[in-house]
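Everything on this sheet refers to the single structure shown next.
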Amino acid sequence: RSAANTDPEGRALITSAAQDRFEGQGERAGTLIRGLVSGGADAFKRSEQLLADYNKWRKPLYDAAYKLGDRPLWSPELERLAGIPAVEGAIKSAVTTGANRAGAEGYGAFNPGIRVTPDGRLQFDKGPKGTPTYPNLQFWDYAYRDLRDKAGAAFRAGEKDHGSALSTLANDLRSELDKLVPQYGNARGFAARYFGGDNALEAGANAVKFKGDPRELQANIAKIKDPRERALFTEGYVSELATRMENIPDRNDITKRIFQSPADRKRIEAVLGPQRTGILQAFLDRETIYDALRQSLGNSTTARQLIEAGLAGGGVGGYHGSAEPTARMQGAGSGMNGGG
């Protein structure tokens, strides 16, 4: 600050450097947070590989759920949902794309039990006695996925209200299927059942929004026994937390966005563990120290104004030359009284 007060060019240089560093906080925080689990690897590729491995592990669980749910599924809630245009659209899409999904996932023939008439109406197949043969779990799951994907596309397009409505409908459909075939929820894993989403990666991202008792968070994370599911959950959590830091506007202090309370720290520690949380805390402490420079330059400019006006006791020597603080103040005082 002394240099900034006595040298306008020096002040401009220091101010620029301090401000540039401050505005780069979000990007540095995101890089550090992602590195806590990726070890510097490509985070996107790592997530994709973890998810691919996870889906291979879950396929037998889906096989079991589809087998148990291979029967006509219908309920008042499914009837209500099927009458909503967005859900009806997802059902129609599943009729035409379901065979492709089934083939890609290694399943055999796909019989939806439902048809779309030339004029666009849905028509359920009928059994020998003329009663409708409603779709099975596999078909309803494909309809759910289509609705979920459309919700995601709406969010990415910036259509938040539309995306929120589609997401709510998708979650309602998924919840009803969980009730009708509980094994369907088991296939998504514990993390997804507790924190929401279709897999542990999405569950980890959702956990960033958790604001409840850290002990509850810790207890439920401890129930994620499979190391693949746990790794994917942590990856999702870290990726979401890093993205939030990277999206903070440049002129906002990120040190006030993390660890805002002891409970915040405990929640992050429940996911990352004490060692990685300590690394994050050290980073924030370092940013706070560095930012003290920027803040000090933004404080009172009285001394700088006195110096630039030639009123501070003969300039630098008069203000800083004496060894005693009292003498320095007296020097400045004489200048203010008309000595300069």
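A short reminder: the numbers here are calculations on the coordinates, not readings from a lab. In this text, all values refer to a predicted model and were calculated from it rather than measured experimentally. Every residue, glycine as well, gets a Cβ built from its backbone with ideal geometry; the counts of neighbours run over all protein chains shown.
Residues whose amide H lies under 5 Å from that of Ile114, counting only those 5 or more places away or on a different chain, are Asp125; hydrogens are built 1.01 Å from N in the peptide plane.
Here each label is just a point 7 Å from Cα along the line to Cβ, and for Gln123 and Arg71 those points are 2.8 nm apart. To the nearest 0.05, what FRET efficiency results for Ala222 and Glu9 with a Förster distance of 51 Å applied to their C-beta separation? Efficiency computed from Cβ-Cβ geometry: 0.30. Computed from phi, the 3J(HN,Hα) profile of region 99-113 under the Karplus parametrisation 6.51, -1.76, 1.60 (θ = phi - 60°) reads 4, 5, 4, 4, x, 5, 8, x, 8, x, 4, 10, 10, x, x Hz, with x in place of Gly and Pro.
A crude spin-label estimate for the pair Glu159 and Asp264, with each label 7 Å from Cα along the Cβ direction, gives 3.5 nm.
The slack in the chain from Asp63 to Ala104, taken as 0.36 nm per residue of separation less the alpha-carbon distance, amounts to 13.4 nm.
Once the Cβ-Cβ distance of Asn171 and Glu79 is raised to the sixth power relative to R0 = 25 Å, the FRET efficiency obtained is 0.90. Within straight-line reach of Lys266, meaning a Cα separation under 15 Å, sit the following aspartates and glutamates at least 8 residues removed in sequence or on another chain: Asp213, Glu216.
Per-residue counts of other Cβ atoms within 10 Å, averaged by peptide: what ranking do you get for 232-239, 194-201, highest first?
232-239, 194-201
Distance between the C-alpha centres of region 63-109 and region 202-277: 34 Å, rounded to the whole angstrom. Pairs from the table (Lys179/Lys256; Lys126/Lys223; Lys150/Lys209; Lys59/Lys179; Lys67/Lys160; Lys92/Lys179) lying more than 32 angstrom apart at Cα are Lys179/Lys256; Lys126/Lys223; Lys67/Lys160. Put a plus charge on the Cβ of each Lys and Arg, a minus charge on the Cβ of each Asp and Glu, and nothing anywhere else: the dipole of region 42-127 about its Cα centre is then about 100 debye. Backbone phi angles across region 286-291, fed through the Karplus curve with coefficients 6.51, -1.76 and 1.60 (θ = phi - 60°), yield HN-Hα couplings of 5, 5, 5, 5, 4, 6 Hz in residue order; Gly and Pro are listed as x.
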